[in-house]
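A short write-up of the structure that comes next.
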Amino acid sequence: MSAISGHNKKIKVAHVITRMIIGGAQENTLYTVQGLAKMPQYDVDLISGPTYGPEGALTSQHPDHDYDVKIIPSLKRNLNPFLDIIAFFHLFITFMKGRYHIVHTHSAKAGILGRLAAKCAGVPIIVHTIHGLSFHPYQENWLNYIYIKLEKIVAFWTSKLIVVCDRMCVQSVKVGIAPKNKYVKIYSGIDVEDFYRIRIPQEELLRQLNIEPDKVIIGKVARLFPLKGHIYLLKAVRSLIRDFPNLRLVLVGDGILKEHLMRESVRYGIQEYVRFVGLVPPEEISSYLSIMNIVVHVSLREGLARVIPQAMLLKKPVVAFNLDGAPELIFDGKTGCLVKPESLTGLNSALAYLLKNPSQAKHMGSMAKDMVEPKFSHLTMVKKIDDVYNDLIKEEKI
C-alpha cells in the first residue's frame, strides 16, 4: 500500500530533463512520468529544455497525456554559464511556485542544476537517475574534475540515486560521489508487450531498404554522434565483406556524424553494403531489429544501452564493447559477445564467429531473451520507482 494512501492531498512530483529527444534516457523518463501520472496519489509534471535536432522529439509523439509539460528555454545540453544561471533561477522559481514534494532529475546538466534549484527551493525529496555518468575516459580531465566535484556537492542533497546498471554505482562510489547505500538499481523499462508488435512486415522492410531476402544483416541502433562507435563497425564491414559478400549493414539513427560516416563508407568502398536508415519512430525499432541477424552496440560511453535488452527480447545475439552496463546482460559466448573496447581485431573476430556459426548465434539469442524478458518491463520500473518514493515519503513524514 502506498505511504500516502490515507492522505487527502496528492504528492506533487516534477521530473526534470535537458531535452526530450528520441533516446534511451528520454524514453525511461517518459515511461516513468506516464506510469506515475496514472497512479491516483501523484500529480506529475515533466520539465524539459527545448527539444530540437536530428534526433527527433519524443514528446511530440505522445500529445495526449495526463501530466503537464513545462519548457524552460534556457535549459540546454551544452555548457553555457550565462544560460545555465538563467536555467537555475527558472527552475528555482518553478519549484517554488509548484510546491513539489519530489523533484526527480535526469541527465548530467538537468541533474546538477535541477538538484541545486530543488535544494534552494526547499523541496523535501530529491531523486536523481544516472542514465550515463557525466565523467568518462574520453573526456578532458579538467571537465571530468569539474563534473565529479559538482556531482559530489549535489549528491549530498540527494535523497536517493537511481542507477540503470550496477557499473554506474561502482564507478560513482569509486570516485567518492556518494556512499553505496545511497544508490538503488532500477533497470530502464521497456513496454515489452507493445515492443513485440512488429509494425512493418519483414518482406516490406527489406524491400524498402533494397536488401535481398538471402542477405545476412548486422545492425546498430544509435544516434550518429561521437563515442557511439559507428566508425569501428564500418571498418569491420570493410574487412568482413571479403569473406562474407552477402553481408549488409543497417544503421538506424540520425545525428551530426551522418554526412561524415556516409563519406567514410564511400572511402572504404562499402557504400553498397551499408544502409543509413535515418530517424525511426520508437514504435518501429522492433521492426528494424527483427530483420537483423546480429545486433552490434560498440559505444565507448554508455549506461546500459536500451538497444541491448531490446535486441535480446527479439532473440538477437548482441556484440558490444566490454564496458559500462554491457557485461551485466551480455555473457560472452552465451548471450552474445563482449569485445575489448576499441579493438577492431576483437570486433572482427566476434562478428566472423557469429557469421560462420548461425546456429550458435541463434542459440545465444534464445538464451538472451529468457534472461532479460522478466527484468525490463516498464511497469516493473515504475513500481520500483514508486517504492523508492514511498520509502522516502515515510522518512520525511510527508
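Values computed for the structure shown
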item: 21 Å tail of the calculated P(r), the range 282-398, as % of Cα pairs; result: 43
item: Under the Karplus curve 6.51 cos²θ - 1.76 cosθ + 1.60, θ = phi - 60°, whole-Hz ³J(HN,Hα) for the range 257-265, x wherever Gly or Pro sits; result: 9, 4, 4, 4, 5, 5, 5, 5, 5
item: Sequence ranges 318-331, 273-286, ranked by mean other-Cβ count within 10 angstrom, highest first; result: 318-331, 273-286
item: The chain - Debye-derived log10 I(q)/I(0), Cα point model, q = 0.12 Å⁻¹; result: -0.95
item: Computed magnitude of the charge dipole of the chain (debye, nearest 20; Cβ of K, R +1, Cβ of D, E -1); result: 820
item: Radius of gyration and maximum dimension Dmax of the range 59-120, Cα, Å; result: 12.3, 35
item: Residues with amide H under 5 Å from that of D332, placed H, sequence gap 5 or more; result: L338
item: Kirkwood estimate for the range 222-338, i.e. one over the average of 1/r between Cα atoms, Å; result: 14.6
item: The chain - mean residue ellipticity at 222 nm from DSSP helices (-39,500 (n - 2.57) per run, n ≥ 4, rounded to 500); result: -12500 deg cm²/dmol
item: Packing-based exposure ordering (other Cβ within 10 Å, fewest first) of H106, H128, H363; result: H363, H106, H128
item: Top positive-direction residue, dipole computed over the chain with Cβ charges, set I294, F88, F276; result: F88
item: Cβ-Cβ FRET estimate between Y353 and I146, R0 fixed at 45 Å, reported to 0.05; result: 0.60
item: Stokes-Einstein translational diffusion, the range 201-271 - Kirkwood Rh over all Cα pairs, 1.567 mPa s, 4 °C, in µm²/s; result: 100
item: Derived scalar couplings ³J(HN,Hα) [the range 278-284; Karplus, 6.51 cos²θ - 1.76 cosθ + 1.60; whole Hz; x for Gly, Pro]; result: x, 6, 10, x, x, 6, 9
item: Cα long-axis angle, helix 358-372 against the chain (0 to 90 degrees, to the nearest 10); result: 10
item: In degrees, nearest ten, helix 81-98 long axis to first principal axis of the chain (Cα); result: 60
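Every number in this text was worked out from the coordinates using simple rules, so none of it is lab data. Being a predicted model, the structure only gives us computed values, none of them experimental. So basically every Cβ, Gly included, is an ideal-geometry build from the backbone, and we count neighbours across all protein chains shown.
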